[in-house]
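Each remark here refers to the structure printed beneath this line.
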Amino acid sequence: MKTLFIICALLLCLSDLHAQNEYDCGIAQYKKLTHIAQKDSITGSDLTTTVLLIKELEKANCSDYTGKKNGEEYAIATRTGLFGDICLKSNSQNAVEEYIKYMKRHHGSAEEQISFSFERIFVKQPEYVLSVAGYDKKLLDQLEWGFLNNHYRTLTRKNYKARFYQINPKVKAIYPKYKKQIDYLLKEISGELKG
């Protein structure tokens, strides 16, 4: 009986520890990422640190930075959202490359934040994105999905192309070099709006 009581007590302690670990999932990494994301500019060293922290969170399967208020758990931030913000502020080809690697590791994920952040990075650095993505239709589809979702309130079947170029003015200058990818994006956006 005493042994059974000890086993039950140990199981309860382990269960509480597991629940606490789920709540604390990656809290130290998330705090560091949040600090980096709040900077006005991101250095190469910041990006390297970010990539290492993101990989630690991925390995631990920590996708959300959560907190508790009045006994209720809530999301403070997401791993993808913080990574996207940091890559956007980094404004470098290396950041684009790292974000695309992240996307490929999470291909098939239902997390829409991946495409939302990817489109925002594209707006800032379209040539970097298109040069790294190439004609990878999975990546271009993510970009199209991000565009549609980030700008759906202002898009119609009649204005989508004008809005695309208005939101992405740098694309006009690089169109001859990336015609195939840009035409694919516009065709897919048009198809979604007609559907």
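The values are calculated or read from the model by the stated rules, or taken from the named source; none is laboratory data. Small disclaimer: the values here were computed from a predicted structure and weren't measured. With ideal geometry, Cβ positions are generated from the backbone for all residues, glycine too; neighbour counts draw on all protein chains shown.
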Out of Ala77, Ala95, I need the residue that is in contact with a Cys (Cβ under 7 Å, 6 or more places away or on another chain), surrounded by 15 or more Cβ atoms within 10 Å (Cβ to Cβ) and not assigned by TED's automatic domain parsing to the domain that holds Gly134. Which one? Ala95
Look at the stretch 165-194 and say how many of its residues are over 20 Å from Ser115 (Cα atoms) and small (Gly, Ala, Ser). 1
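Count, please, the residues in the stretch 159-195 that happen to be of a type in the set (Lys, Arg) and modelled with pLDDT under 95.
Of the residues in the stretch 159-195, 1 are of a type in the set (Lys, Arg) and modelled with pLDDT under 95.
Rundown of residues vs (1) in contact with a His (Cβ under 7 Å, 6 or more places away or on another chain); (2) loosely packed, with under 14 Cβ neighbours inside 10 Å; (3) not charged (D, E, K, R), yes/no style:
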site	(1), (2), (3)
Arg105	no, yes, no
Phe116	no, no, yes
Glu119	no, no, no
Val123	no, no, yes
Lys138	yes, yes, no
Arg153	no, yes, no
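What residue, of Gly84, Gly146, is without any contact (Cβ under 8 Å) to a residue 40 or more places away in the chain and in the same structural domain as Glu56 (by TED's automatic domain parsing)? Talk me through it step by step, then tell me what you get.
Values: Gly146 fails: in the same structural domain as Glu56 (by TED's automatic domain parsing).
The match here is Gly84.
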For the stretch 162-177, state whether one or more residues are farther than 21 Å from Gly134 by Cα and over 25 Å from the mean Cα position of the chain (by Cα). yes
Kindly check whether there is at least one residue in the stretch 178-194 that is surrounded by 12 or more Cβ atoms within 10 Å (Cβ to Cβ), assigned to a helix (DSSP H, G or I) and hydroxyl-bearing (Ser, Thr, Tyr). yes
It is to be established whether one or more residues within the stretch 128-141 are under 11 Å from the mean Cα position of the chain (by Cα) and either at pLDDT below 95 or under 22 Å from Gln181 (Cβ atoms) (or both). no
Only one of Glu72, Glu58 is farther than 25 Å from Lys89 by Cβ and either at pLDDT 55 or above or surrounded by 11 or more Cβ atoms within 10 Å (Cβ to Cβ) (or both), namely Glu72
When the residues of the stretch 75-94 are filtered to those that are over 13 Å from the mean Cα position of the chain (by Cα) and of a type in the set (A, V, I, L, M, F, W, C), which remaining residue is modelled with the lowest pLDDT? Ala75
